[in-house]
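There's a structure below that I have some questions on.
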Amino acid sequence: MLTRAGRQGSPPQTAPSRGVSRLFTVLSLLLALPGWCAGADLEDVEELLRTGRYDGCARLAAEQLEAGAQGDRWYRLKIQAELARGKADAALISLGDGLDRYPASVALQWLGRAVYRANGRDADVKETLDTIEKLVANAPGRYDTPENRIVLGRFFLARGADSKKVLDQFYDVAVKEQPDLLDAYFATAELALAKQDYALAAETLRKAPKEAATEAQYHYLLARAYAAEDRAGFEKELDEALKINSSHVDSLLLRADHLIDSERYTDADKTLKQASAVNPGEPRLWAYRAVLAHLRNDPAGEATAHEAALKPWAANPEVDHLIGRKLSQKYRFAEGSARQRQALALDPDYLPAKVQLCEDLLRLGEETEGWLIANEVFAKDGYNVVAYNLVTLHDRLAGFRTLQADGFLLRMDPREADLYGERVLALLRRARKTLCAKYGVTVNEPVVVEIFPQKKEFAVRTFGLPGAEGFLGVCFGRVITANSPASQGEHPANWEAVLWHEFCHVVTLSKTHNKMPRWLSEGISVYEEEQQDPAWGSSLSPQYRQMLLGEDFTPLSRLSSAFLAPKSGLHIQFAYFESALAVEYLVQRFGTETLKALLDDLGTGEALNEALPKRTHLTLDQLDGEFARFARQRAESVAPEATWEEPDLPDDADSRAIETWLEKHPKSFPGLRRLGARLVAEEKWSRAKDVLEQVKRMYPEYVGAENAYVLLATVSKRLSDKAAEHAVLDDLATRDGSAGPAYLRLIELDEAAGDWEGVARNACRMLAVNPLTPIPHRALGRAAEHLNHREEALTAYRALALLDETDPADVHFRLAKMLAQSGKTGEARREVLKALEDAPRFREAHRLLLKLTEPEKPPPAGSR
């Protein structure tokens, strides 16, 4: 006898438990003992279905029915098992037998809908829905049970009933009457997922009874709820589902879906083969195979798979919807939207396809139709979260200002457009001129750029749902969305670097027709940031150094997986850094022309891992090896004299304790950095200066928390050494494109020294970080005045007039002077009157007004 302990020893001799008896039943079925059926009950058969032993379930149900078993549940179990194995013909026969005996069973009638679809019998689908409606209308009290309420809830949803009413009057009532009815929780979660309300789905499932955790369906639904926001939770739940039922096709297909996202196409193929072993005719399985064929540039294979997917039910809209959704997730929005139109041609009311088509069109810049569909979906289904969010956003966008110039259509909040809209357009022009020329690309269609002052608006426009933490901007091809500095708190990122990065995506996606792996797309954009301005690049931090040298390093040939399964926020940022490093390696080793040729290859549909060996004349293994050495050398070149021990001291350890620790670790960068910071805190300025100079020499690239530049600036300021303070802050400014406090202090120092070019330079640096504060506008206006840059001064003072309430009269007066010097007398007069309105005794303003109102003297007689 086999036991859990294996073949060693003997189990205790006790009476067999119910669980052991059931296990014996299951094992007997698996061993195909044909004559056995005595004593089997519904629980035994349900256990077989639950654990994926579908053939045994169908066989035992059939035997019980032949033996005279009563109840429609036996037929339903048999049909579910047959459908799970793709045996549509057998399920149709079983359905007929069941309806002959139990024609009034709405549960059996509802299951018939799936059976008829699997057999391509559309007319019967309609007839069975009509039958359910008649049955309920004729005897409504007969179906007033919790289980039937769930069936009828699903039926009414299929009929287009109000989702909230179904939830309130069917699902919630069923839960109240029978709190342990698992299907009630599953149905509610399915409804929430259909409305893309993932939080509600997860919350509902977490409230389910403990017994739900024994069902693969429970974990599958929870995995779907976690998929967008909690990758670790998604993986855990999917593993649990397949542990319970390794033949659970829904879970296998969800895993294949994730593997396709991760560009692990070979693994996806293997998973689809597992699903095919269970149900070879499953339409979604063939739809995923069509996706893989498309991504491999195999149109014949795609057509064959598509045909197979539609074979059971030719009017199935889910097939093209699924294919299109996956293509759109690969940024192939044109192909994706075409598939959604095919789905809607089969079923014009199929809302998932309409929602996806809406999002695709908005990402393609085809906004008129996109917003029209969003309103159409919302009118039909007011509970669809994405449709609601988009319609709400559309109303908000109506209040944005549109700036249009040189092939760009820029939408911004009106106040922000006044403050820095022209600077955005100027940056985009520079990016277009630089990057299009470098990569040999012509972008003919207008590029749409939308900048949002609220994160939730950016997230809805970009992803359809709130969230999207960590994203500063996104490019879909010729549509760019970005967060404005207003949405980023006290320390905003450099918006110029963000838009340069995103416009680089416009160029590379255009060159490849949106056919490029994420790592290469992101890697080129980050690489080009640093090529334009080294301060925009990502510095090699101690964490990145350790990750390059450790297990977090990803081979070049598998870099996309680093984006799609990150362990943390740090790991996703490292994926960007490593991808840029990989691009740098390719450019240094093989040249820019090879990189451009790779992009051309991708544009023809060739896979990157096939194009790389062809263009570099190295195998993927050789490329992985070379890149690993390149990355290691880069990591080891940083602070080569430093060691990396962390002080094992209390957080409040004083400088003496840190110095004692450093006696044994004299070159520890973490130790020396901590000592420098502690000495500054203790106001030991001279000693702090010596230590911090050592830290800066040891690791000049480090600009993270408590970096030597910021601390040395503090020391120099306290020692009244303005020259040293300016020098160290200027050094930091060339290394960190988001060092706002450093830029502000440099403006002060340059203005005090009368260095107006320095003031202008640092004011522009600050405006690239936060143009929503008055200081950089005021500084740039004054610097431009001194440098006789009249138009720049006018722009700065106009922005300042919107921001500065401390001395508005002075702002309007300066504007008036600039306008008068430009010969714009009318505008100058209006501005000087505004100055006098705020400060009636402003004498210089009175003089300027008199000058502006003096009549022009006629030319001398005889002059020409």
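The values are calculated or read from the model by the stated rules, or taken from the named source; none is laboratory data. Worth saying up front: this structure is predicted, and the values here are computed from it rather than measured. Note that each Cβ is placed from the backbone with ideal geometry, even for glycine, and that neighbours are counted across all protein chains shown. Heads up: the accessible areas ignore ligands, DNA and RNA and are worked out on the full protein's heavy atoms, side chains in. Shrake-Rupley method; radii C 1.70, N 1.55, O 1.52, S 1.80 Å.
Identify all residues within region 470-528 that are under 20 Å from Leu361 (Cα atoms) and under 16 Å from the mean Cα position of the chain (by Cα); write none if there are none.
Hits for region 470-528 are Gly473, Val474, Cys475, Phe476, Gly477, Val479, Ile480, Thr481, Ala482, Glu502, His505.
Looking at region 228-249, is at least one residue surrounded by 22 or more Cβ atoms within 10 Å (Cβ to Cβ), over 29 Å from Gly382 (Cα atoms) and acidic (Asp, Glu)?
Yes, the conditions are met somewhere in region 228-249.
Filter region 368-383 down to residues that are in a helix (DSSP H, G or I) and of a type in the set (Phe, Trp, Tyr) and give me whichever is farthest from Phe463 (Cα to Cα).
Applying the filter and picking the extreme gives Phe378.
Quick one: which helices (runs of 4 or more DSSP H) sit completely within region 646-702 and have at least 1 residues that are within 41 Å of the chain's Cα centre (by Cα) and either within 28 Å of Asp731 (Cα to Cα) or not β-branched (Val, Ile, Thr) (or both)?
The helices (runs of 4 or more DSSP H) meeting that bar are 669-681, 685-698.
Return a yes/no flag: does region 362-385 have any residue that is among the small types (Gly, Ala, Ser), touching a residue at least 12 places away in the same chain (Cβ under 8 Å) and either over 28 Å from Leu200 (Cα atoms) or open to solvent by 40 Å² or more (accessible area, probe 1.4 Å) (or both).
Checking region 362-385: at least one residue is among the small types (Gly, Ala, Ser), touching a residue at least 12 places away in the same chain (Cβ under 8 Å) and either over 28 Å from Leu200 (Cα atoms) or open to solvent by 40 Å² or more (accessible area, probe 1.4 Å) (or both).
Select from region 88-101 the residues that are open to solvent by 50 Å² or more (accessible area, probe 1.4 Å) and under 14 Å from Leu65 (Cβ atoms) and list them in ascending order.
Result: Ile93, Asp97, Asp100, Arg101.
When Leu435 is evaluated against the numbered criteria (1) modelled with pLDDT under 95; (2) open to solvent by less than 10 Å² (accessible area, probe 1.4 Å); (3) of a type outside the set (D, E, K, R), which criterion, by number, is the only one it fails?
Checking Leu435 against (1) modelled with pLDDT under 95; (2) open to solvent by less than 10 Å² (accessible area, probe 1.4 Å); (3) of a type outside the set (D, E, K, R), the one that fails is (1).
State the number of residues belonging to region 352-387 that are aromatic (Phe, Trp, Tyr) and within 18 Å of Ala161 (Cβ to Cβ).
2
Do you know which of the residues in region 311-328 that are open to solvent by 20 Å² or more (accessible area, probe 1.4 Å) and touching a Leu at 6+ places or on another chain (Cβ under 9 Å) is farthest from Cys57 (Cα to Cα)?
His321
Would you confirm, using the coordinates I've provided, whether Glu610 is out of contact with any Cys (no Cβ under 6 Å at 6 or more places or on another chain), modelled with pLDDT under 95 and either crowded, with 17+ Cβ neighbours inside 10 Å or outside any loop (DSSP other than H, G, I, E, B) (or both)?
Judged against the criteria, Glu610 is a match.
Shifting gears a bit: For residues in region 405-429 being open to solvent by 70 Å² or more (accessible area, probe 1.4 Å) and free of Cβ contacts under 8 Å to residues at least 40 places away in the same chain, which is nearest to Ile775 (Cα to Cα)?
Arg429
Follow-up. From (1) closer than 24 Å to Gln622 by Cβ; (2) in a helix (DSSP H, G or I); (3) under 23 Å from the mean Cα position of the chain (by Cα), pick out the condition that doesn't hold for Tyr544.
If we test Tyr544 against (1) closer than 24 Å to Gln622 by Cβ; (2) in a helix (DSSP H, G or I); (3) under 23 Å from the mean Cα position of the chain (by Cα), just (1) comes out false.
Which residue, of Glu626, Glu641, Glu636, is part of a loop (DSSP other than H, G, I, E, B), open to solvent by 30 Å² or more (accessible area, probe 1.4 Å) and either of a type in the set (A, V, I, L, M) or in contact (Cβ under 8 Å) with a residue 24 or more places away in the chain (or both)?
Being part of a loop (DSSP other than H, G, I, E, B), open to solvent by 30 Å² or more (accessible area, probe 1.4 Å) and either of a type in the set (A, V, I, L, M) or in contact (Cβ under 8 Å) with a residue 24 or more places away in the chain (or both) holds for just one of Glu626, Glu641, Glu636, which is Glu641.
Answer yes or no: is there a residue in region 717-727 that is more than 19 Å from Arg673 (Cα to Cα) and either buried (at least 20 other Cβ atoms within 10 Å of the Cβ) or among the aromatic types (Phe, Trp, Tyr) (or both).
Yes: one or more hits.
Also: Confirm whether Val448 is under 29 Å from Pro352 (Cβ atoms), touching a residue at least 12 places away in the same chain (Cβ under 8 Å), of a type in the set (A, V, I, L, M, F, W, C) and crowded, with 19+ Cβ neighbours inside 10 Å.
yes
Please tell me if Glu706 is more than 18 Å from Pro647 (Cβ to Cβ) and part of a loop (DSSP other than H, G, I, E, B).
So Glu706 fails the test.
Among the basic types (Lys, Arg), touching a residue at least 12 places away in the same chain (Cβ under 8 Å) and surrounded by fewer than 21 Cβ atoms within 10 Å (Cβ to Cβ): does that describe Arg339?
Spelling it out, it is not the case that Arg339 is among the basic types (Lys, Arg), touching a residue at least 12 places away in the same chain (Cβ under 8 Å) and surrounded by fewer than 21 Cβ atoms within 10 Å (Cβ to Cβ).
Looking at region 854-861, can you tell me whether even one residue there is open to solvent by less than 70 Å² (accessible area, probe 1.4 Å) and modelled with pLDDT under 85?
no
Something else: Given the criterion under 30 Å from Ser262 (Cα atoms), at pLDDT below 95 and in contact with a His (Cβ under 9 Å, 6 or more places away or on another chain), identify the matching residue among Arg339, Arg332, Arg363.
Of Arg339, Arg332, Arg363, the one residue that is under 30 Å from Ser262 (Cα atoms), at pLDDT below 95 and in contact with a His (Cβ under 9 Å, 6 or more places away or on another chain) is Arg332.
Is it true that some residue in region 517-531 is part of a loop (DSSP other than H, G, I, E, B) and surrounded by 19 or more Cβ atoms within 10 Å (Cβ to Cβ)?
Yes, region 517-531 contains a residue that is part of a loop (DSSP other than H, G, I, E, B) and surrounded by 19 or more Cβ atoms within 10 Å (Cβ to Cβ).
Output the residues belonging to region 308-343 that are part of a loop (DSSP other than H, G, I, E, B) and within 23 Å of the chain's Cα centre (by Cα).
Passing the criteria: Lys330, Tyr331, Arg332.
Listed here are the residues, each with its yes/no results for (1) crowded, with 18+ Cβ neighbours inside 10 Å; (2) among the aromatic types (Phe, Trp, Tyr).
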position	(1), (2)
Tyr544	yes, yes
Ser579	yes, no
Tyr585	yes, yes
Gln588	no, no
Leu595	yes, no
Leu602	yes, no
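Conditions tested, residue by residue: (1) assigned to a helix (DSSP H, G or I); (2) at pLDDT below 90; (3) hydroxyl-bearing (Ser, Thr, Tyr).
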{"residue": "Gly39", "(1), (2), (3)": "no, yes, no"}
{"residue": "Glu46", "(1), (2), (3)": "yes, no, no"}
{"residue": "Arg59", "(1), (2), (3)": "yes, no, no"}
{"residue": "Gln64", "(1), (2), (3)": "yes, no, no"}
{"residue": "Ala69", "(1), (2), (3)": "no, no, no"}
{"residue": "Trp74", "(1), (2), (3)": "yes, no, no"}
{"residue": "Glu82", "(1), (2), (3)": "yes, no, no"}
{"residue": "Ala91", "(1), (2), (3)": "yes, no, no"}
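Then there's this: Can you confirm whether Ala15 is at pLDDT below 95, part of a loop (DSSP other than H, G, I, E, B) and surrounded by 11 or more Cβ atoms within 10 Å (Cβ to Cβ)?
No: the conditions fail for Ala15.
Here is a further query. Can you tell me which residues in region 470-518 are over 29 Å from Asp601 (Cα atoms) and either in contact (Cβ under 8 Å) with a residue 60 or more places away in the chain or among the basic types (Lys, Arg) (or both)?
Once the filter is applied, which keeps residues that are over 29 Å from Asp601 (Cα atoms) and either in contact (Cβ under 8 Å) with a residue 60 or more places away in the chain or among the basic types (Lys, Arg) (or both), region 470-518 yields Gly470, Ser484, Pro485, Ala486, His491, Pro492, Ala493, Asn494, Trp495, Glu496.
Return the pair list, or none, for Cβ contacts closer than 7 Å from residues in region 806-827 that are closer than 19 Å to Pro840 by Cβ to residues that are open to solvent by 40 Å² or more (accessible area, probe 1.4 Å) and basic (Lys, Arg), at least 6 apart or on different chains.
Going by the 7 Å Cβ cut-off, the qualifying pairs are His812/Lys834; Leu815/Arg798.
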